[in-house]
Amino acid sequence: MSVRLRAAMAGLPAYVAGRKSPDAIVLASNESPFGLLPAVAAVINDLTASVSRYPDMTSTRLIEAIAEHHGVNANQVAVGAGSVEVVAQIAAAVVDAGDEVVYGWRAFEAYPIITTVVGGTSVAVPLRDHVHDLDAMADAITDRTRLVLVCNPNNPTSTAVGYDALSRFIARVPSDVLVVIDEAYHHYTDPAAVPNALRDFADVDNVVVTRTFSKAFALAGLRVGYCIGASEIITAARKTQVPFSVSGLGQACAIAALGEEKEVRRRATLTVAERDRVSRELTGLGYDVPPSQANFVWLPIGDGAAGFGEHCAAGGVLVRPFAGEGVRVTIGLPEENNRFLELAAVAASNRG
């Protein structure tokens with residue numbers, strides 16, 4: 001082949017999605033197990049014919065709805081096909097070739113992919129006890145750093161940093177370096193332990209917060225995410241969005257989902273209760289389970305991760321192994337979680 005690809009492509013890992021199977025319990029992708037919100041189902045029934053037409057490219061009604069929901073101006077909101085695309089839009093807006101992007105590792109696996117695609121240089125700072133080491137991340141910032149990514153709660157380790165630590169960290173970041181706080185799992189957090197960055201850091205110009213409709217709002221398949229920040233940054237991020245990336249159906253369903261906040265919180269409460277039960281059961285089986293603030297738990301079982309994943313798959317449950325590191329297990333319905341726990345008990349006894 002005579003076409004020359006970028007050298008960075010040779011070492012760029014492909015994003016690995018959670019496995020799917022119609023014959024298995026799927027606890028691999030951090031989805032909501034409860035199905036569509038009632039208002040969203042009604043919208044889908046009404047708007048199926050609209051998919052033959054281009055959507056509103058500027059997502060005007062959706063942006064206005066998000067702005068009203070959070071009490072901000074519409075010019076502070078940008079949207080994209082899931083919060084992962086929004087992070088990519090932000091990176092494209094601020095990172096030039098050779099600029100550095102600092103993030104904890106392991107964190108969301110799209111971060112190094114996004115960094116490489118925009119031509120940046122990854123600075124991956126090891127976690128400490130499965131939690132972001134914010135002091136080390138601040139120390140890693142140099143004159144070449146343009147972007148810092150903080151996944152809070154962190155995917156896949158489920159842990160979160162508190163307000164005091166995050167506030168001190170943001171104060172150490174130079175004002176010309178953008179901090180993105182990725183809050184995809186915000187609805188599952190304990191508000192006494194985990195900050196609401198949209199509220200707590202709203203007046204910090206170099207902080208942008210991303211959220212998604214994929215998790216608690218149960219719209220993973222429609223791909224809608226957003227960010228909120230200073231209008232100058234948002235204007236730049238909007239320019240980098242792929243045209244029409246948020247479908248008309250996605251926009252309408254996201255607006256409807258915002259009106260279901262009470263039901264969303266009820267479902268999140270059920271998930272948190274199940275998460276805590278699963279964590280206790282796993283701890284009782286001898287597993288090390290970091291305290292989770294998300295809709296999943298993390299099992300840092302190192303070299304046993306791949307084998308544990310295959311053991312669960314053979315038993316009809318799909319989890320998300322990270323070879324050599326650990327396994328992420330989404331919290332499903334009680335009966336689904338019970339089946340996983342049965343398999344985890346067998347694995348623990350075989351290991352012992």
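The values are calculated or read from the model by the stated rules, or taken from the named source; none is laboratory data. Not measured: the values here are computed from a predicted model. Note that we place each Cβ from the backbone using ideal geometry, even for glycine, and neighbour counts take in every protein chain shown.
Can you tell me which residue in region 139-160 is nearest to VAL204 (Cα to Cα), limited to those that are within 15 Å of the chain's Cα centre (by Cα) and either in a helix (DSSP H, G or I) or of a type outside the set (A, V, I, L, M, F, W, C) (or both)? Checked region 139-160; the qualifying residue nearest to VAL204 (Cα to Cα) is ASN152.
Just to be sure, is ILE141 within 29 Å of VAL297 (Cα to Cα) and outside the structural domain of SER292 (by TED's automatic domain parsing)?
Values: within 29 Å of VAL297 (Cα to Cα): no; outside the structural domain of SER292 (by TED's automatic domain parsing): yes.
Considered against the rule, which asks whether it is within 29 Å of VAL297 (Cα to Cα) and outside the structural domain of SER292 (by TED's automatic domain parsing), ILE141 comes out as no.
Here region 27-44 is the region considered, the condition is being among the aliphatic types (A, V, I, L, M) and assigned to a loop (DSSP other than H, G, I, E, B), and the residue that is surrounded by the fewest Cβ atoms within 10 Å (Cβ to Cβ) is LEU36. Among the residues of region 196-218, those identified as over 19 Å from GLN89 (Cβ atoms) and in a loop (DSSP other than H, G, I, E, B) are ASN196, PHE201, ALA202, ASP203, VAL204, LYS215, ALA216, PHE217, ALA218.
Considering region 161-195, and only residues there that are touching a residue at least 40 places away in the same chain (Cβ under 8 Å) and assigned to a helix (DSSP H, G or I), the residue that is nearest to ASP276 (Cα to Cα) turns out to be TYR188.
For region 166-189, filtered to residues that are out of contact with any helix residue (DSSP H, G or I) (no Cβ under 6 Å at 6 or more places or on another chain) and hydroxyl-bearing (Ser, Thr, Tyr), the residue that is nearest to VAL84 (Cα to Cα) is TYR185. Of the helices (runs of 4 or more DSSP H) lying entirely inside region 236-352, the ones with 3 or more residues being farther than 29 Å from GLY225 by Cα and touching a residue at least 40 places away in the same chain (Cβ under 8 Å) are found at 261-284, 334-351. Here region 111-133 is the region considered, the condition is being among the hydrophobic types (A, V, I, L, M, F, W, C) and closer than 20 Å to PRO300 by Cα, and the residue that is nearest to the chain's Cα centre (by Cα) is VAL131.
Might you let me know whether region 270-292 holds any residue that is closer than 19 Å to TYR111 by Cα and β-branched (Val, Ile, Thr)? No: zero hits.
Of the residues that sit in region 96-112 and are out of contact with any strand residue (DSSP E or B) (no Cβ under 6 Å at 6 or more places or on another chain) and closer than 20 Å to ASN30 by Cα, which one is surrounded by the fewest Cβ atoms within 10 Å (Cβ to Cβ)? Per the stated criteria, the residue is GLU109. Answer yes if at least one residue in region 101-117 is in the same structural domain as VAL209 (by TED's automatic domain parsing) and in contact with a Lys or Arg (Cβ under 8 Å, 6 or more places away or on another chain), and no otherwise. Yes - at least one qualifying residue is present in region 101-117.
Comparison of ARG266, ARG351 shows that the only residue that is at pLDDT 95 or above and among the charged types (D, E, K, R) is ARG266. With respect to the conditions (1) in contact with a strand residue (DSSP E or B) (Cβ under 9 Å, 6 or more places away or on another chain); (2) surrounded by fewer than 19 Cβ atoms within 10 Å (Cβ to Cβ), GLY332 falls short on a single one, namely (2). Candidates THR116, THR145, THR212, THR157: the one that is crowded, with 18+ Cβ neighbours inside 10 Å, farther than 18 Å from ASN30 by Cβ, out of contact with any Leu (no Cβ under 6 Å at 6 or more places or on another chain) and of a type in the set (S, T, N, Q) is THR145.
Suppose the filter is of a type outside the set (A, V, I, L, M), crowded, with 18+ Cβ neighbours inside 10 Å, modelled with pLDDT of 95 or more and on the phi < 0 side of the Ramachandran plot; does PRO126 pass it?
Against the criterion (of a type outside the set (A, V, I, L, M), crowded, with 18+ Cβ neighbours inside 10 Å, modelled with pLDDT of 95 or more and on the phi < 0 side of the Ramachandran plot), PRO126 does not qualify.
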